[in-house]
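S.K.: So that we are looking at the same thing, I have put the structure below in structure tokens.
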Amino acid sequence: MLNDEIIEEVRAIRDAHAAKFAYDLRAIYADLKRSEAERIAAGHPFVSPPSELPSSNSTLQRTRFAHH
């Protein structure tokens, strides 16, 4: 597998954050939601996820999995 310094950095940050909460997913989620609420209250824009998922037979998926 190709090592990518950006991916490694993101994973290290994610691991450090999870370690602060003893890898408790509920606590990690609560912290992320708290942080999100603080940023929204501070006026940072929030982009909602799409209301519909893309269709499973999209061109991207057909291309991505065509060689597998």
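S.K.: Per-residue counts of other Cβ atoms within 10 Å, averaged by peptide: what ranking do you get for 27-34, 38-45, highest first?
M.R.: Output ranking for 27-34, 38-45: 27-34, 38-45.
S.K.: In sequence order, what are the phi-derived ³J(HN,Hα) couplings for the range 36-44 according to the Karplus relation 6.51 cos²θ - 1.76 cosθ + 1.60 with θ = phi - 60°, rounded to whole Hz, with x for glycine and proline?
M.R.: Taking θ as phi minus 60°, the curve returns 4, 5, 5, 5, 5, 4, 7, x, 6 Hz for the range 36-44.
S.K.: Taking the Cα atoms of the range 9-53, what is the range of coordinates along each of the three principal axes, in descending order and whole Å?
M.R.: 31, 29, 23
Read the figures in this text as sums done on the coordinates, not as results from a lab. Just so we're clear, the structure is a prediction, and the values are computed from it rather than from any experiment. Glycine gets a Cβ as well: all are built from the backbone with ideal geometry, and neighbour counts include every protein chain shown.
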